[in-house]
1. Is it true that some residue in segment F:1-21 is under 14 Å from the mean Cα position of the chain (by Cα), open to solvent by 40 Å² or more (accessible area, probe 1.4 Å) and β-branched (Val, Ile, Thr)?
2. What's the number of the only condition in (1) over 21 Å from D:Asp118 (Cα atoms); (2) charged (D, E, K, R); (3) in contact (Cβ under 8 Å) with a residue 24 or more places away in the chain that E:Arg37 fails to meet?
3. Please find, within segment B:217-232, the residue that is nearest to A:Met194 (Cα to Cα) out of those that are over 18 Å from the mean Cα position of the chain (by Cα) and surrounded by fewer than 21 Cβ atoms within 10 Å (Cβ to Cβ).
4. Looking at E:Asp215, is it assigned to a helix (DSSP H, G or I) and of a type in the set (Asp, Glu)?
5. Which strands (runs of 3 or more DSSP E) sit wholly inside segment F:107-205 and have at least 1 residues that are within 14 Å of chain E (Cβ to nearest Cβ) and either farther than 17 Å from F:Leu221 by Cβ or open to solvent by less than 40 Å² (accessible area, probe 1.4 Å) (or both)?
6. Going through segment F:137-170 one residue at a time, which ones are closer than 13 Å to F:Lys109 by Cα and touching a residue at least 40 places away in the same chain (Cβ under 8 Å)?
7. Which condition number does B:Arg102 fail, the rest of (1) in contact with a Lys or Arg (Cβ under 9 Å, 6 or more places away or on another chain); (2) open to solvent by 10 Å² or more (accessible area, probe 1.4 Å) being met?
8. Looking at segment C:38-57 only, could you name the residues that are more than 8 Å from chain B (Cβ to nearest Cβ), open to solvent by 30 Å² or more (accessible area, probe 1.4 Å) and part of a strand (DSSP E or B)?
Number of protein chains: 6
Amino acid sequence: MERQDGRRNNQLRNVEFACGFQRHPAGSVLATFGNTRVICAVSVEEAVPRWMKEQGKIGGWITAEYQMLPSSTEQRTEREAIRGKLSGRSSEIQRLIGRSLRAAVDLEKLPGLTLHIDCDVLDADGGTRCASITGASLALELAVARLIKDGILTENPLLARVAAVSVGMLQREGLLDLCYVEDAAADVDMNVIMTDKGRYVELQGSGEEATFSDDDLTILLNLAKNGLKTIFDLQEQALRNYLEN
Amino acid sequence: MERQDGRRNNQLRNVEFACGFQRHPAGSVLATFGNTRVICAVSVEEAVPRWMKEQGKIGGWITAEYQMLPSSTEQRTEREAIRGKLSGRSSEIQRLIGRSLRAAVDLEKLPGLTLHIDCDVLDADGGTRCASITGASLALELAVARLIKDGILTENPLLARVAAVSVGMLQREGLLDLCYVEDAAADVDMNVIMTDKGRYVELQGSGEEATFSDDDLTILLNLAKNGLKTIFDLQEQALRNYLEN
Amino acid sequence: MERQDGRRNNQLRNVEFACGFQRHPAGSVLATFGNTRVICAVSVEEAVPRWMKEQGKIGGWITAEYQMLPSSTEQRTEREAIRGKLSGRSSEIQRLIGRSLRAAVDLEKLPGLTLHIDCDVLDADGGTRCASITGASLALELAVARLIKDGILTENPLLARVAAVSVGMLQREGLLDLCYVEDAAADVDMNVIMTDKGRYVELQGSGEEATFSDDDLTILLNLAKNGLKTIFDLQEQALRNYLEN
Amino acid sequence: MERQDGRRNNQLRNVEFACGFQRHPAGSVLATFGNTRVICAVSVEEAVPRWMKEQGKIGGWITAEYQMLPSSTEQRTEREAIRGKLSGRSSEIQRLIGRSLRAAVDLEKLPGLTLHIDCDVLDADGGTRCASITGASLALELAVARLIKDGILTENPLLARVAAVSVGMLQREGLLDLCYVEDAAADVDMNVIMTDKGRYVELQGSGEEATFSDDDLTILLNLAKNGLKTIFDLQEQALRNYLEN
Amino acid sequence: MERQDGRRNNQLRNVEFACGFQRHPAGSVLATFGNTRVICAVSVEEAVPRWMKEQGKIGGWITAEYQMLPSSTEQRTEREAIRGKLSGRSSEIQRLIGRSLRAAVDLEKLPGLTLHIDCDVLDADGGTRCASITGASLALELAVARLIKDGILTENPLLARVAAVSVGMLQREGLLDLCYVEDAAADVDMNVIMTDKGRYVELQGSGEEATFSDDDLTILLNLAKNGLKTIFDLQEQALRNYLEN
Amino acid sequence: MERQDGRRNNQLRNVEFACGFQRHPAGSVLATFGNTRVICAVSVEEAVPRWMKEQGKIGGWITAEYQMLPSSTEQRTEREAIRGKLSGRSSEIQRLIGRSLRAAVDLEKLPGLTLHIDCDVLDADGGTRCASITGASLALELAVARLIKDGILTENPLLARVAAVSVGMLQREGLLDLCYVEDAAADVDMNVIMTDKGRYVELQGSGEEATFSDDDLTILLNLAKNGLKTIFDLQEQALRNYLEN
């Protein structure tokens, strides 16, 4: 099987991170995975959600919101603010983003703060949730650096860097980093979210009107782990370039 | 570590299925996993969603809705119809239920039909999404049997039976079928959904403000696979008893 | 005229109350009126609504919510949480349930408490609002007994037991306890809610694209009063059996 | 007991009907009951609700909406369009108005038409639902007259004229046509809706944290019936004056 | 070009203000511009919006809401409370009304008060936003007079009286005070809101699928200024008549 | 008075247009006015709104939606999809954008098409509605060029190019192209939308708790007209550069 953009099965698309993309948020990254581009921002609120106070929970909180710009898809997507509610898909993705980043942060070291992650998809071509998590992880580092510099944080709360990649089975072959056309055709679709220390943060594998075996699982996890190694390197370079300039 | 209800780490709770629990739906099962009880129903609509027609998709559709009765939890849960919208959690769970059951059905063999799965949690003590999927799979078989008997279906669209179980890591030990207290304390929480043919339908593992290793993953998958074997047996018995009487 | 299930005009359906049906709520009853079954629960919140504080009202409050499970009807009913709002019918019924139970309670003897009544219809075959009120009245007694036992209440706030029954005129004859088919065909439909001391709590008679005379009213009230006597006996037995075991 | 406005217990407030109050609707009446004023309009739509077509029901339909102007109450009432949903109270009242008027119309003689009744409360001082029904009944007659004149209807679909009045028990005395202060203090509150032929359309009696006896019921029904006789006369005069000018 | 109601191009419709139209609000006016009638009310709340406190803003606030009665238009307008949200048009108009009246009030002289302006259109025939602003300005004066009389205000916060009128270009001629038919046909539609001291409060000119020149602008502003002089006289007379009686 | 960024009173900020900014829409422009950046997209739907069919209107339609990314402001802005409804401000702005662009298009030459304009604010520093209109006008030209090239349109429906700029009075001086700090402090705020043929499309001047004179109006219109000349030149250059490459 030949991939439509000529990539090898275990090859990522072009992955880039433009740090400092927006003017106001504490951390801001435009994450690119091929033709998928996501605006990732971290804004700081000096307050915590009411439920934390009610439950006597100390520290801070990280929450995420995800949305596609209507113009990000080939057929224009209806705006959720017009429909008056979030789609189930958006709701599920933003819960995943928040959970993934919280897993790599010591929330007790964010006393009295809420970090709002906003992932807005500028161009969609598959893998938007993985690009969102991966970009947001960098934006989070930028925001934490600013908070430490401004004296708002005294300790670094970050336990690890996080990245995500999609893998899938298509015509019985494992593929890394699926574009939209591949994703729509795949029998199995899996999102693998890991830390740069090689531990799983989240694993979501799903047969799309299909099922998969233990062998398939092994193939997919190996593909993902190799791809993530490259992505962690690209994150590191983007961050170093930005902070040095 | 001793489990709070005295179970071994690899021991299920008491699992039962009461078939024919409600009067009207084509298939109806009360699924019990310990103190968790879920009312699972399959209702038949002789129409398909508009998007299927628009996309020229043939066959039928299966969709699911999930809700907790306000009185199902220790602290009463606010009713989603009163708040005017589904919680992100409910939305995510019902998408999972629908996806899981569609994976085991040949939708082309449900021409012109929509099967509505309703999972309403009567008593909640952890694992409600797994009980929902497992009960709904039986309710689906009952509904299909009725549709065949009534001459509405001529072929059996079911490819496999589906069941689900939760596993988790707590204090570095793997546990099968977590109750609510265990679930809230676990570092890693995984839902494993499989067919009775031993293939994965869906795999969702999530570090709860924690991460997990490849070894953890292996332990959890083995626990789940053994638990699911027992559950498939219990489904089979419940169904046979019901249909013979 | 012969009734479709062979009952005499002044005969109730099979009426039963299963106490302790759910695990968590302070009081819980499954009320059965023929093929109609309603899950009635009373949950306790140690707080009062804000308007009570604002108006300086002392004591506590009782409020009710009513909903049909989508699978409770022959044609599946759309879920109100999905539509995003309560139907006018549900809203009207839950206001009636709340008002009926408050009428039989000395709210000043519930200091600082809100009792939430949840009536969720499991199977619908006419008379669901009457089954709801009648079951909720028992669930309320169970909850009060628990609150007294737990030392949260020191005095019994209950002034009377409450029950409800529907009556109607069909083909110029008065009928007691209408099932769905009778209810849909009736010219006049009346719900009579009384205390076990023989006083009216609420009376709602309605011509369905028809009207009724003073004589009709007399016939209907007599039917209802006789039926309610039997229902009060059945409530008493169910409660006694449950509390003795 | 002396009533706050000096009326006898069986005395109505000043009741008036200004026909032709608005410019556009087919029928329009400003109904006055003392300080309560309600704008009642009947607008004609040449279509029937979709459910009528789906159920193969012939004829037409009458539906009602009720709302209080925010400025109609002593403390300004929040606007329901701003809150984004109807209150339970408004929903209940508009269902009552619609039901009451349908009971006095032969819907089969409204082929293909929907009559929309709008009751908007201009000034509220108790009894707004009764003023709404009573005014809407006249507005309906005006609308029907116009439809017959315009040749849209060929037969008169009206079976009777409808009126409504509130009665209540306060300090053990029965009172006719309660103003707001009386209504708030009453132990029992009953709305009686009848045709000018002396038949009941709807009867809604409710103990307000209280109960009532058969004797109370008799007193209240007699008060209401006498009051309604006067109201039917006033409707007749208002209509005749309007149509003659 | 002859206007459909025979007016000269620079002639207003019949303009009237009925003060004290409703019973409860502090200020109440029924404003008439030809066949357009709007109920304008000012209600007083002894509190300010939360954002004023949060921003440390002193003084008080004025806010407005606008709605059309469903029966105010030739084709009945759907009720916004039923649709569950305000239309864009209503939202835009009520923002304009609030802004226009705030411009003529020294908000610091309304300490701790919110004045709620409600404009409900009784009959619509073009120019409802101008009638709303013009009537609301009078209602505001009535409310302020009552607040001063009641000792709630010690100083008059009003800086000027406000009025509004619509002008438009139709078939290359400028027209004053357009009725609905003219408004729908006009190429340019402009709302001019001024104080009685001859200063602009707000100017909104809009080509309706058309554009306009500087000369058109001059013609329209002159027409509006002349019309507004007459309207200010009529406001003055209505107020004086009302306060003297 | 010195402007905070050192500009002369009649000087624009840096204005730029990046054509082809997004991948999928038919026309796409990133419009920059100083620190304000707006993503403007035009997507094509091959259908017209239902009301056009119902009213028998021929041709096509142009509609607009406007939203600020939560991360576009100094204090993060709450997402409208989460609140479940559009703010009044967003609703007003998107109505203005749609109206402004429709004024410069012959809608009859868009047979059977709806052009959806999406303006999403990436960074906000005042003047976002003007940047939206100005960028959307270019995006519209790009979309039309593509539609003509693809043979979907045979005639050019564009009547003129449109641009918008804000002007205001601050401390009695007229200023061109206000940034956020100036806008918040201004006494008068005016948005002037014109065609490149020198005609007004829309004029919205508003005293912000202040009023303005005829002389102020003249000053503001002259400032705007001069600024718009420069903007039309910049639009032209951007378009030419893009189409030539």
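1. There is no residue in segment F:1-21 that is under 14 Å from the mean Cα position of the chain (by Cα), open to solvent by 40 Å² or more (accessible area, probe 1.4 Å) and β-branched (Val, Ile, Thr).
2. (1)
3. Among those residues, the one meeting the criterion is B:Leu217.
4. When the stated conditions are applied, E:Asp215 passes them.
5. By residue number, F:162-170, F:188-195.
6. F:Val144, F:Leu147, F:Ile152, F:Leu153, F:Glu155, F:Asn156, F:Pro157, F:Leu158, F:Leu159
7. (1)
8. C:Val44 - this is the single residue of segment C:38-57 that is more than 8 Å from chain B (Cβ to nearest Cβ), open to solvent by 30 Å² or more (accessible area, probe 1.4 Å) and part of a strand (DSSP E or B).
The values are calculated or read from the model by the stated rules, or taken from the named source; none is laboratory data. Quick caveat, the model's predicted, so the values are computed rather than measured. Neighbour counts are summed over all protein chains in view; Cβ atoms, including those assigned to glycine, are modelled from backbone coordinates with ideal geometry. Calculation scope for accessible area: heavy atoms of the full protein, side chains included, ligands and nucleic acids excluded. Shrake-Rupley method; radii C 1.70, N 1.55, O 1.52, S 1.80 Å.
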